[in-house]
Amino acid sequence: MDVSQVKAALKGLPIGELRCLEQVGSTNDEAASWVAQDAPHLALVIADEQTAGRGRSGNTWYSPAGASLAFSLVLYPRHLEPYLLPRLTALGALAVKDALSKLYNLPAQIKWPNDVLVHRQKVSGVLAEAQWDGDQVRALVLGIGINVTLASTAQIKPNPGTIQPTCVEVLLGRSADRLELLRAVLEEVICWQPRLATQDFLQAWESSLAFRGEWVQVSLGQSRGKDGLPGALEGRSPTIEEGKVIGLSQDGSLRLRTASGEIVKVSVGEMHLRPS
Ligand code: BTN
């Protein structure tokens, strides 16, 4: 990835500093080490290829050379109330969703909490990892992966019955400019981040939710993960919650209406469409 091309594509954006790499294990790991060496706000790590890209729940994220967008942005959210923490992951997902909609007119949606879907297929994932100072988030590494060319999905082995992968170029039926897309996503992050605590943000997130009004299953029971963001049911054994997607709560948890009519709130989990 040519650094001068990346710089030209990002001209005028308030990027703190840029690390542009041909190959890296994980841009999130690189950004986290950079935080330890005082990375500035909006420091950006981007790589042409990741050899150990990570997704949520310990999943592998594939980023073959030249095929996807893989980058991590360092943010220092100030005075963040704990109930706003889930919005950090949503910030990345909303930015990708808006960029895909505005740039390509793609009907992107957010599969709560962190995936971006188009036509119910996954095109992008977000991994937000926090560094803590006591009970305050000191720094956030917002990692975003977007499948751009067909090669980006070649290694993914989706389980039957789960969300299938797709990529921007298949969705568009033509080639896509990775750096144009990078810029569009960063513009959205920069625009939304100061508004994280607003109702506008929550509404934008809620109105982007995939599967609203549909039956879904959410597997619960993740404890605080490597990202340090809070888990829903720490210490409890995994369970499946099933219900219709109603919307979001102020704290970003997902509201479901169960078969008995009860409204339940799910704060962290993996959502799956209910098998018919
Ligand atoms: C997921 O879908 O579970 C999240 C995927 C996040 C992938 C991105 S690619 C850039 C950054 N570096 C990583 O190792 N992961 C994130």
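Okay, here's what the table says:
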item	result
Solvent-accessible area per residue, Å², over the chain with all protein chains present [probe radius 1.4 Å]	44
Cut-off 11 Å between beta-carbons: net charge of the residues surrounding SER68, Lys and Arg +1, Asp and Glu -1	-2
Computed over the range 1-64: relative contact order in percent, which uses C-alpha pairs under 8 Å that are six or more apart	33
Contact order relative to length of the range 118-212, as percent, for alpha carbon pairs under 8 angstrom and 6 or more apart	22
Cβ-derived FRET efficiency at R0 35 Å, SER219 paired with LEU13, nearest 0.05	0.40
Full-stretch length increase - LYS157, HIS79 - with 0.36 nm per residue and alpha-carbon distance subtracted	24.0 nm
Cα centroid separation, the range 181-207 to the range 139-163 (Å)	21
Above-threshold pairs, the threshold being 27 Å between Cα atoms, out of LYS11/LYS122; LYS11/LYS157; LYS102/LYS244; LYS102/LYS122; LYS11/LYS102	LYS11/LYS122; LYS11/LYS157; LYS102/LYS244
Trypsin sites (Lys or Arg not before Pro) restricted to DSSP loop in the range 56-117 with at most 15 other C-beta within 10 Å	ARG78
Within the accessible area of the chain (1.4 Å probe), percent carbon and sulfur	48
Rounded to 5, percent antiparallel among DSSP beta bridges of the range 1-106	50
DSSP loop GluC sites (Glu not before Pro) with at most 12 other Cβ within 10 Å: longest gap in the chain	1-213
Mean Kyte hydropathy of -0.5 or more with a Cα span along the axis of at least 24 Å, helices from DSSP in the chain	86-104
Karplus (6.51, -1.76, 1.60) ³J(HN,Hα), θ = phi - 60°, over the range 136-153, in Hz, Gly and Pro reported as x	9, 6, 7, 8, 10, 9, 9, x, 10, x, 10, 6, 9, 9, 4, 4, 5, 9
Rel. contact order, % - alpha carbon contacts under 8 angstrom, at least six apart, the chain	16
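The values are calculated or read from the model by the stated rules, or taken from the named source; none is laboratory data. Bear in mind the structure is a predicted one, so any value in this text is a computation, not a measurement. Neighbour counts are summed over all protein chains in view; Cβ atoms, including those assigned to glycine, are modelled from backbone coordinates with ideal geometry. Each accessible area value is taken on the protein alone, full model and side chains, heavy atoms only, with ligands, DNA and RNA left out. Shrake-Rupley method; radii C 1.70, N 1.55, O 1.52, S 1.80 Å.
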